[in-house]
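To start, the structure under review is shown below, and the notes come after it.
The values are calculated or read from the model by the stated rules, or taken from the named source; none is laboratory data. Keep in mind it's a predicted model, so treat the numbers as computed, not measured. No Cβ is skipped: glycine too gets one built from the backbone with ideal geometry, and neighbour counts run over all protein chains shown. Please note that ligands, DNA and RNA were not included when accessible areas were found on the heavy atoms of the full protein model with its side chains. Shrake-Rupley method; radii C 1.70, N 1.55, O 1.52, S 1.80 Å.
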Amino acid sequence: MSNLHPGQTSQIASPRQGAIEFLLSRAAAGVWRDYNMGGTESDEWVTAYVAHALAETTLDEARHAASTAWDQLKQLASTHGPGLGYNRLTPQDADSSAWAVRLARIIGKSYDDFARGCLNYVRSHVLGAGGIATYTAASLLKAGVGDSEAAVAGWIAPHFCISATAAYIPEIGGSLKICEYLANKQDQDGRWRSYWWHDDEYATALAIESLARSGDYQESMRKAALWLSARTATSSAFVIALCVLGLRKAGCSAWREFLPELLSLQSEDGSWPASARMRMPPPDLVDPRTRWRWDKHSNGIGCVMADWNRIFTTATVLRALTACHND
């Protein structure tokens with residue numbers, strides 16, 4: 001149940017409906033496309049993420065769109081086997097597959113063969129030392145990405161932004177102790193550092209969400225919430241939305257301080273400005289912090305790119321507003 005007073009519920013309801021309408025208007029046969037990596041857009045990963053955000057709202061029209069997207073994801077995946085990826089031209093990955101599993105749970109499809117296949121695919125990326133890698137060496141080498149494990153060492157290392165997403169899945173976060181891994185690997189300042197994202201708020205908010213669901217790790221969530229609440233002013237709707245989401249999931253009332261600015265950034269068409277900045281580290285780069293120059297004007301290896309269709313940012317804001325409304 002929401003603990004918002006009536007005025008706050010009304011304040012959130014209209015922007016949230018605008019976000020839903022924008023996302024529904026941007027679907028093409030149940031599929032969403034965004035980003036422009038190497039000249040190709042993502043359909044599988046983006047669709048799983050957006051459909052999950054819509055399904056969380058529990059609103060009939062949004063859930064119907066999410067169910068339609070599920071059927072389309074099954075069709076897309078039929079061209080390459082278990083799991084999902086950025087698109088059919090890239091190897092499947094644990095992140096896209098985890099969002100598919102999370103979507104399946106909301107819409108009642110967890111026992112679908114496709115959902116089970118995605119879950120097993122995520123499990124196959126859990127490393128012995130803990131954490132979850134985005135890719136396996138075998139899948140990358142088969143696709144011609146690098147010629148040795150050393151050449152893809154960065155992409156097959158454990159990533160907090162992937163581990164945090166998958167840890168929300170009970171069969172992953174609990175039985176495979178990924179939540180414990182996250183708690184043990186938290187930075188001293190309270191954050192978790194994103195590998196595929198320019199902003200650490202992504203990994204941090206999703207880690208809080210997974211730890212909160214587990215019911216444990218209150219001290220880890222407290223430290224993470226303090227880090228989020230201390231974030232300096234930013235014009236990034238993506239970052240602000242993640243602060244709202246993470247703080248709300250942590251049970252910290254500081255999310256209220258971020259909400260007015262987030263709502264003020266909404267465009268007339270219901271979207272929020274593109275600000276979900278994904279980065280593409282070279283495959284052998286284990287720690288993105290060691291690369292001091294990122295290209296913000298290209299769409300290949302070594303670049304940082306925003307969601308040029310505004311779909312990923314808007315879906316993330318929708319997740320934040322839904323958390324405020326429902327939790």
| query | Checking D187 against (1) within 26 Å of G302 (Cβ to Cβ); (2) within 14 Å of the chain's Cα centre (by Cα), which test does it fail? | reply | (2)
| Which numbered condition trips up S275, out of (1) under 29 Å from P158 (Cβ atoms); (2) part of a loop (DSSP other than H, G, I, E, B); (3) open to solvent by 20 Å² or more (accessible area, probe 1.4 Å); (4) touching a residue at least 40 places away in the same chain (Cβ under 8 Å)? | (3)
| remark: Over the stretch 184-202, the set of residues outside any helix (DSSP H, G or I) and closer than 23 Å to F312 by Cβ is R191, W192, R193, S194, Y195, W196, W197, H198, D199, D200
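Does the stretch 219-235 contain any residue that is exposed (fewer than 14 other Cβ atoms within 10 Å of the Cβ), at pLDDT 95 or above and within 29 Å of A133 (Cβ to Cβ)? First the steps, then the outcome.
Here is the first cut: in the stretch 219-235, the residues exposed (fewer than 14 other Cβ atoms within 10 Å of the Cβ) are 219, 230, 232-233, 235.
Of the ones still in play, those that are also at pLDDT 95 or above are 219.
When the remaining residues are screened for being within 29 Å of A133 (Cβ to Cβ), the result is 219.
Yes; the residues of the stretch 219-235 include at least one that is exposed (fewer than 14 other Cβ atoms within 10 Å of the Cβ), at pLDDT 95 or above and within 29 Å of A133 (Cβ to Cβ).
Taking the stretch 123-144 as the search range and keeping residues that are part of a helix (DSSP H, G or I) and touching a helix residue (DSSP H, G or I) at 6+ places or on another chain (Cβ under 8 Å), which one is most open to solvent (accessible area, probe 1.4 Å)? Before the answer, list the steps.
Here is the first cut: in the stretch 123-144, the ones part of a helix (DSSP H, G or I) are 123, 137-142.
Pick out the ones that are also touching a helix residue (DSSP H, G or I) at 6+ places or on another chain (Cβ under 8 Å) and you get 123, 137, 140-141.
On the way: R123: 96, A137: 15, L140: 1, L141: 67 Å².
Checking each candidate, the answer is R123.
For the stretch 220-244, how many residues are part of a helix (DSSP H, G or I) and under 19 Å from D189 (Cα atoms)? Before the answer, list the steps.
Filtering the stretch 220-244 for residues part of a helix (DSSP H, G or I) gives 220-229, 237-244.
Then keep just the ones that are under 19 Å from D189 (Cα atoms); that gives 220-229, 239-240, 242-244.
Count: 15.
Go through the stretch 87-122 residue by residue and tally those that are in a loop (DSSP other than H, G, I, E, B), within 22 Å of E56 (Cα to Cα) and either of a type in the set (S, T, N, Q) or open to solvent by less than 20 Å² (accessible area, probe 1.4 Å) (or both). Talk me through it step by step, then tell me what you get.
Of all residues in the stretch 87-122, those in a loop (DSSP other than H, G, I, E, B) come to 87-91, 107-112.
Then drop every residue that is not within 22 Å of E56 (Cα to Cα), which leaves 107-112.
Right, trim to either of a type in the set (S, T, N, Q) or open to solvent by less than 20 Å² (accessible area, probe 1.4 Å) (or both) and you get 110.
The number of residues fulfilling the criteria is 1.
Going by the conditions given, is A205 part of a helix (DSSP H, G or I), open to solvent by 10 Å² or more (accessible area, probe 1.4 Å) and within 16 Å of K249 (Cβ to Cβ)?
Working: part of a helix (DSSP H, G or I): yes; open to solvent by 10 Å² or more (accessible area, probe 1.4 Å): no; within 16 Å of K249 (Cβ to Cβ): yes.
When the stated conditions are applied, A205 does not pass them.
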| query | What is the one condition in (1) more than 18 Å from A19 (Cα to Cα); (2) open to solvent by 50 Å² or more (accessible area, probe 1.4 Å) that M305 does not satisfy? | reply | (2)
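Could you list, in sequence order, all residues of the stretch 152-183 that are assigned to a loop (DSSP other than H, G, I, E, B) and among the β-branched types (V, I, T)? Walk me through it before giving the result.
Taking the stretch 152-183 first, the residues assigned to a loop (DSSP other than H, G, I, E, B) are 153-157, 159, 167-169, 174-177.
Passing the criteria: I156, I169.
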| task | Would you mind finding the one in C252, C243 that is of a type in the set (A, V, I, L, M, F, W, C) and either surrounded by 21 or more Cβ atoms within 10 Å (Cβ to Cβ) or touching a strand residue (DSSP E or B) at 6+ places or on another chain (Cβ under 7 Å) (or both)? | result | C243
| request: Among residues belonging to the stretch 1-31 that are among the hydrophobic types (A, V, I, L, M, F, W, C), over 20 Å from P273 (Cα atoms) and outside any loop (DSSP other than H, G, I, E, B), point out the one that is modelled with the lowest pLDDT. | output: A28
